[in-house]
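Below is one structure, written out as structure tokens; the observations come after it.
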Amino acid sequence: MTDQEVYDSTTDWVARHIRRYVESDGADGHIYQGIPTLLLTTRGRKSGKLRRTALIYGEDEGRYLLVASNGGSAGHPAWYLNLTEDPVVAVQVGPDKFTARARTATVEEKPHLWRLMASIFPLYDTYQAKAPRDIPVVILERQ
């Protein structure tokens, strides 16, 4: 990604989390309330602007995993819609910053990856139960 300005989440508590994460180079924010989090930067599918958010992640076979839960709401989160348009993303895990390619887990991959993510954050099962959509699991592969 370029040296273009990055716009953080407009949700106050997420923006504060991102700020702490960035200012401390991941020392404050990587583990959030006991759960591992990363920073994901996508290119806005409509605006073309770089958009950054903080997300819970898991790991599997050297890949990072995300769940596009959006709290179980009817629509996908904006970050997921953005990466389906442009799968090249910027990632920060603790102090480690890198570019990755994002893709949605296949039907065959998803059950194992879902169980792994739900073991990290059990509310994902609750979100899926109330969501009127199949919640995607995203795989980030370092480039």
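The values are calculated or read from the model by the stated rules, or taken from the named source; none is laboratory data. Here the structure is a predicted model, which is why all the values come from computation and not from measurement. Note that we place each Cβ from the backbone using ideal geometry, even for glycine, and neighbour counts take in every protein chain shown. Please note that ligands, DNA and RNA were not included when accessible areas were found on the heavy atoms of the full protein model with its side chains. Shrake-Rupley method; radii C 1.70, N 1.55, O 1.52, S 1.80 Å.
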| Going by the conditions given, is Gly75 closer than 20 Å to Thr11 by Cβ and of a type in the set (Gly, Ala, Ser)? | yes
| Among the residues of the stretch 23-57, which ones are under 19 Å from Leu140 (Cβ atoms), in contact (Cβ under 8 Å) with a residue 40 or more places away in the chain and among the aliphatic types (A, V, I, L, M)? | Ile35, Leu38, Leu39, Leu40, Leu50, Ala54, Ile56
| On the given criteria, is Thr84 without any contact (Cβ under 8 Å) to a residue 40 or more places away in the chain and hydroxyl-bearing (Ser, Thr, Tyr)? | yes
| query | For residues in the stretch 10-45 being over 24 Å from Thr106 (Cα atoms), of a type in the set (Val, Ile, Thr) and not in a loop (DSSP other than H, G, I, E, B), which is most open to solvent (accessible area, probe 1.4 Å)? | reply | Ile31
